[in-house]
Structures are given as C-alpha cells and as structure tokens.
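K.L.:
Let me give you the structure first, and then I'll get to my questions.
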Amino acid sequence: MWHPDVREILLIGFYNQSQQMSRFVDDMQRKYGIPIRYLQEYAPLGTAGGIYHFRDQILRGNPRAFFVFNSDVCCDFPVWEMAQFHSNVTGGNGYVILGTEANEQQALSYGCIVEEPSTHKVLHYVEKPETFVSNIINAGGYIFSPDIFQHLTRAFTANYENELIHDAARDSIDLHSSVLTPLAGNGDGGKLYVYKMNSGFWTQVKNAGHAIYANRLYLSLFKERHPEYLATNTPGGHEIYGAVRIHPSAQIDSSAVLGPNVYVGAGVVIGAGARVREAIVLDRAVIQEHSCVLHSIVGWDCVLGAWSRIEGYPSDLNPNDPVAKITSESLFNLDGRLNPSITILGQGVSVHSELIVLNTVVLPHKELTSSYKNQIIL
Amino acid sequence: MYLFPRQLGITITLSHEQEPLGTAGPLGLAREILEKDAEPFFVLNSDVICSYPFKKMLELHHSHGKEGTIVVTKVEEPSKYGVVVYNPTSGQIDRFVEKPKIFVSNKINAGIYIFSPTVLKRIQVKFMSLEKEVFPFMAQDGQLFAFDLEGFWMDIGQPKDFLRGMALYLSHVRQTSPERLAEGDSFVGNVLVDPSAKIGQGCRIGPSVVIGPNVIIEDGVCLSSSTVLRGARICSHAWVQSSIIGWQSVVGKWVRMESVSVLGEDVIIQDELYVNGARILPHKNITVSSPDPQIIM
C-alpha cells in the first residue's frame, strides 16, 4: 500500500484540534503503523501557506522529497507510480504535479496543465481559465523536493513587501499563483513535470453530496482490490446488492436489504425490512423497521422512525463521457428553490415514523415531526 | 351481473344511452320499464354515498302523495351545489337556487329522488336536465317535496371526496353493523376486508381502509385512508396513505404513496419509488418517482 520509504504523514489544516481528529489520527497510526500528526494552522494559510509555515517539520530528517495531496481529493492515488516517475523522469529533484483528464467544458473549472509530450514537462499552467487551454487538469497531488521552499520563501516575502495585501492575508500563500504558474515553462530550468493518472476515478469532495459519489467509487475499488472488506449475502442473513461495507459492530436485521453502494458505520442498528441504497450511514445511527434510505447521508446518532423515507437525488454523471467530473452546483436554482441533491441528516437528528424527508438538509439535533421536501432545516 | 339478481332476489335491467341524455332523458329512455305499473320508483345518482334510508323515504313520499320527493342534505358549503328552498313543516319545495352567492339555505339536492311514473310526462328522450328543466316546473305545480336526510352524505365524484365518503361510510358501518369490520393486532380504526383478501405479518392497516376481493397485502405494509380494489397487490414494507389502488395493480416494495394518488387498472409501481398525488392511467408501468402531483398518461 505505501511506498516503503514514506516515513511520516502530516495533516495540515485550519480545523480546530478536536477529540474526533485526535481519535482519527490515533486510529490511523495504529492501523497503518506509520507516524501521523495533525498540524493546526494559526490562521487560514491558503493552498501553500501551511506548507511554508511548517517547513521545519516537513524537512526534519532530510527527506529526499515529499508528497502533497489536497485532502478533498478522492482517487486511486498512484503513489508508487508518482514516486518512480519522480526518480526516473525528473532525476529525483524536480517537482511533479499529478494530472487527470477532464472534458473540455469541465476543464475550465480546474487548474489546466499543458504538457510537453516527450519530456512530460509542464509548459504552461493556468487556474480556471475562461477559454480552453488543456484537458489535463490539476488533480491536487504533488511531489516536491526540498528546493521548492525557495519559491515559497520568495512568495512569502513578496506578500510582506506588497502594501496592498492586508495583514490577515499576508501569511496566506496560493500554490497555483506562487509556485505552479511561475514554474511552468522553463522557470527554474524547467523543473515542473506532470504525471498523468492512467485510469481510475478522480473526484473532489466539495460538499457532502459528493461524498456519496466518492463512496461509490471507493467501494468499487474495494471490490477490485479487497473484496473481503465488503459484505456478502449469507443464507438467512440480510440481503446485499453490489458493493456494501458494513462495520463489524453494526447490527442488521436479517430481513433488511442493503446496497448497492452503502457504507454502514460502527454501532449502527438497522431494523426489520429496512432498505438502504446509495447511502452513507454514520456511527450509532438507528434505522427502524420498514424504513427506506436512498441517496442520503445519515449522520452519527440519528434515529429514523418506522416506515420513514429519507431520500435525495443522485448527482450522476453523463454515462457516455468517461472523463466527466462531478460539478459543484450552486445550492439554489434560478427560481430560488433548492437544487435536487443528496439529503443530509446532521448528527443526532431524529425523524418520526412514517415521514418523508426529500432533498433536504437537516442541521444537527433537530427532531422532525412532519415531512419535509426541498428545504434546509435550521 | 347474473350473480347479483340471484343473490338479492331482484331483476336488473341495463338501459344504455347511445348518446348523452343528461339527467332526465335516460328516464324517458327507460319509460317502458318504469311505467310497467303505477308504483313510484327511486332514482339514485351513482356518485353519491349515504345511509340510503329507503323505507323512510318511501313513507314520506306516500304521505304527501305528490309526484316527486327529493332527498336533501345539509352541507358546509352550499354554494358549491344547487340549494333547495322548502317549507320546513310541510316539506313542499318552493324553488331551487344554483350556486348562490349569498346564503339562502344550507340544504342541497343530494342526488336521490323518488318519482311517480306520471313524472315521465314531463320528460322526452333527448338531452334534458332534471334540475333545470323538470324540477322547477314540478315545484311550481306544488308537486315536489323534500326529504331531510339524516346522517352522512358525500358526493364521491372526485378522488379526495371518494376517500372522505369511504371514511364516513365506514363510521356508519361501525355504528350499525360493527361485526363487518376487521379486528386484530394489525388493524386500527374502521377497516373493511373482503374474506378472500390475504394480509401479511407485521402490517398496520387503517384507519379508514377498504380492501377488496383477492387483494394481497404483503408483510410490513402500512396502509391508511385508502381503498384497494379487487386483485391488487401491495408489496412488503410499502407505506400507502390517502390513495386509491386500482384493480390488479401492484405497488412495489418500500413504495411510499400519498396525497390522493389514484392508480387505474393494472398499474405497476416499481420498488422503492415515491408517488405523491399522482393520477396514473391504466396499464402503466411506473419506473421513476413522481414527487409532485401530476397525471401520468
């Protein structure tokens, strides 16, 4: 799974250190046997400011190079292949940006990379262009050698010298404009290369709805690589369709029907005759008998009453376009109505029996005593 | 058709209009049968429901001895209908007012009449309206009387009203012959189940449900305020409220149906769909949800 030379994983973010985060980090450390730490930024530092700020931590132990991945990217990370590419093609001290293919229309929403086909150097980089530049987009993954910090230092200093930038924003560095754009072409002797992902899915998770899509993709990966992680039909047990992952501590009634594309978390209880499809059910949720959960995310500790129906709309891609990407639609359409999307129940939401919650976002700890459609429940 | 006459000990004759004859013309068409003897006959509009107090109606008709008796009933919104103005002591009808703008009376024509065959002199076999072309003249001639209906009455022409009428009828059954209603853990409120129907485990049926012959209700179904017609099947874990399920239709597993959805004959709703206020014509196979009220043709 991991390249044997990866020594440490650093998580850098602006989220407050929390019990959940600490627990997550501990669990992952134990599971994968590799040191992992969460480093909290003191202010939002942009796409590169955190890397600059924590440079001492990153460079401790003199790594030859380091990976950087945006945490909202879901894909079959070609970690091994990127590392080899970095050694063989860039001579071990260049910079690699991970690229993936998008259709011409959708590429405009991402960072676009123009590749020199024989050397794989990046000839040009532009973030969210208005006109078509390239259909290779920035997939949010990089390998940098320690030299990168020269460029980051330069960007940081430039920020401070620029009187026009506000105090608060001075420490924030944008990777695209400070590093990628200037390095493209022959900047610094042409050290920026692009490694194109061969195949496999790639998606960003910008909202909870995308999580359902990513869930589907990861489950299909499991099916390929680790089918033993997935639930199977057992005689006399609950019925399973397609890829379904069930935490061992979940209790599922034998007459329930799950899948395809369902994740069931720890301590979840699913009652008789319940149906769950295209959904993520987080820890300790209770789904009572005869309920139906479709295209939804059920938060931790939710309780869904008997015969309740929790339903969202899938954000499905054009099946004829192999490189189509999930887009970030705005929350509301032109009529001011909520765009159809995944239904989300926040933590601790309870839904009384026999109600329907359709295309609705429910904030945590609400108790729903009547049906809701196309709304945000605050 | 041949079963009923034998069961009920009566003769049934069908009189079929080849062209629309309104509310009066068809009586002229059936003149030969109606004039067979001098006995009065009932005229019942088939889109109403009430307790049908035939004996009391006939007694009143004989007591005044005139040409016609109209059953009247009290309603909350008389302006939706035709209002009947009559003398409360004698019962003689003075006049009718169609959809009055200001309050005249809260008694309306309940669509149930008794006529003596002499009334047929006022009717020709062409498109004629009882309410507009016959009753006003009968009232002028002092030949029309009102029978004040007690108990429930409902115009069941619209699906929503049909379901209300069904609920009223079931309450009436609860009062008059409660042994006809279903009892047991699965049943709530007033529920009428044909003996040939099958109901599964863990269901909750009612209140206000009528289940027809050879219907199959599978396990874990929640059904309320609905009518399920002959031969239909409601599959496991479905939740159905305020709906009319047509003959031979199939409602799939985990389907949620509500808001006066109406399924015509032989409609199939696939599993896990949401049907909200849909009116679905016969023989359709529904494969996607219908979350907003619509007619599916």
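The values are calculated or read from the model by the stated rules, or taken from the named source; none is laboratory data. Note that the coordinates shown come from a computational prediction; the quantities given were computed from them, not determined experimentally. Here the Cβ is made from the backbone with ideal geometry for all residues, glycine too, and neighbour counts use every protein chain on show.
K.L.:
Can you name the number of the only condition in (1) within 30 Å of B:VAL210 (Cα to Cα); (2) touching a helix residue (DSSP H, G or I) at 6+ places or on another chain (Cβ under 8 Å); (3) assigned to a helix (DSSP H, G or I) that B:ILE112 fails?
P.N.:
Among (1) within 30 Å of B:VAL210 (Cα to Cα); (2) touching a helix residue (DSSP H, G or I) at 6+ places or on another chain (Cβ under 8 Å); (3) assigned to a helix (DSSP H, G or I), B:ILE112 violates only (3).
K.L.:
From A:ARG37, A:ARG30, A:ARG64, which residue is in contact (Cβ under 8 Å) with a residue 60 or more places away in the chain, assigned by TED's automatic domain parsing to the domain that holds A:PHE149 and not aliphatic (A, V, I, L, M)? Step through it out loud before you land on a result.
P.N.:
Working: A:ARG37 fails: in contact (Cβ under 8 Å) with a residue 60 or more places away in the chain; A:ARG30 fails: in contact (Cβ under 8 Å) with a residue 60 or more places away in the chain.
None of the other options fit; the residue is A:ARG64.
K.L.:
Taking only segment A:252-278 into account, find how many residues are assigned to a strand (DSSP E or B) and within 12 Å of chain B (Cβ to nearest Cβ).
P.N.:
Of the residues in that region, 5 qualify.
K.L.:
Residues of segment B:205-223 being within 14 Å of chain A (Cβ to nearest Cβ), modelled with pLDDT of 95 or more and either farther than 21 Å from A:CYS292 by Cβ or surrounded by 19 or more Cβ atoms within 10 Å (Cβ to Cβ) (or both), which ones?
P.N.:
Those that are within 14 Å of chain A (Cβ to nearest Cβ), modelled with pLDDT of 95 or more and either farther than 21 Å from A:CYS292 by Cβ or surrounded by 19 or more Cβ atoms within 10 Å (Cβ to Cβ) (or both): B:ILE205, B:PRO207, B:ILE217, B:GLU218, B:GLY220, B:VAL221, B:CYS222, B:LEU223.
K.L.:
So in segment B:256-297, with the set limited to residues that are among the β-branched types (Val, Ile, Thr) and touching a helix residue (DSSP H, G or I) at 6+ places or on another chain (Cβ under 8 Å), which one is farthest from B:GLY212 (Cα to Cα)?
P.N.:
Per the criteria, the residue is B:VAL260.
K.L.:
Would you check if B:SER226 is within 14 Å of chain A (Cβ to nearest Cβ), within 18 Å of B:MET166 (Cα to Cα), at pLDDT 95 or above and surrounded by fewer than 21 Cβ atoms within 10 Å (Cβ to Cβ)?
P.N.:
no
K.L.:
State which residue pairs qualify: first residue farther than 19 Å from B:PHE137 by Cβ and inside segment B:18-38, second residue surrounded by fewer than 18 Cβ atoms within 10 Å (Cβ to Cβ) and among the acidic types (Asp, Glu) in any location, beta carbons under 9 Å apart, and separation of 6 or more residues or different chains.
P.N.:
Pairs found: B:LEU29/B:GLU17.
K.L.:
Sticking with this structure for a sec: Taking the residues in segment B:229-245 that are surrounded by fewer than 24 Cβ atoms within 10 Å (Cβ to Cβ) and of a type in the set (Ser, Thr, Tyr) as candidates, determine which candidate is nearest to the other protein chains (Cβ to nearest Cβ).
P.N.:
Once the filter is applied, the top-ranked residue is B:SER236.
K.L.:
Does B:PHE42 qualify as being at pLDDT 95 or above, surrounded by fewer than 17 Cβ atoms within 10 Å (Cβ to Cβ) and under 30 Å from B:LEU168 (Cα atoms)?
P.N.:
yes
K.L.:
Among (1) more than 14 Å from every other protein chain (Cβ to nearest Cβ); (2) of a type outside the set (Lys, Arg); (3) surrounded by fewer than 19 Cβ atoms within 10 Å (Cβ to Cβ), there is one condition B:VAL260 misses while meeting the rest; what is its number?
P.N.:
Exception for B:VAL260: condition (3).
K.L.:
Sticking with this structure for a sec: Looking at segment A:224-237, I want the residues that are closer than 15 Å to A:LEU258 by Cα and have a partner that is in a loop (DSSP other than H, G, I, E, B) with Cβ atoms under 7 Å, at least 6 apart or on another chain. Which pairs are those?
P.N.:
A:LEU230/A:ALA243; A:GLY236/A:SER254; A:GLY237/A:SER254
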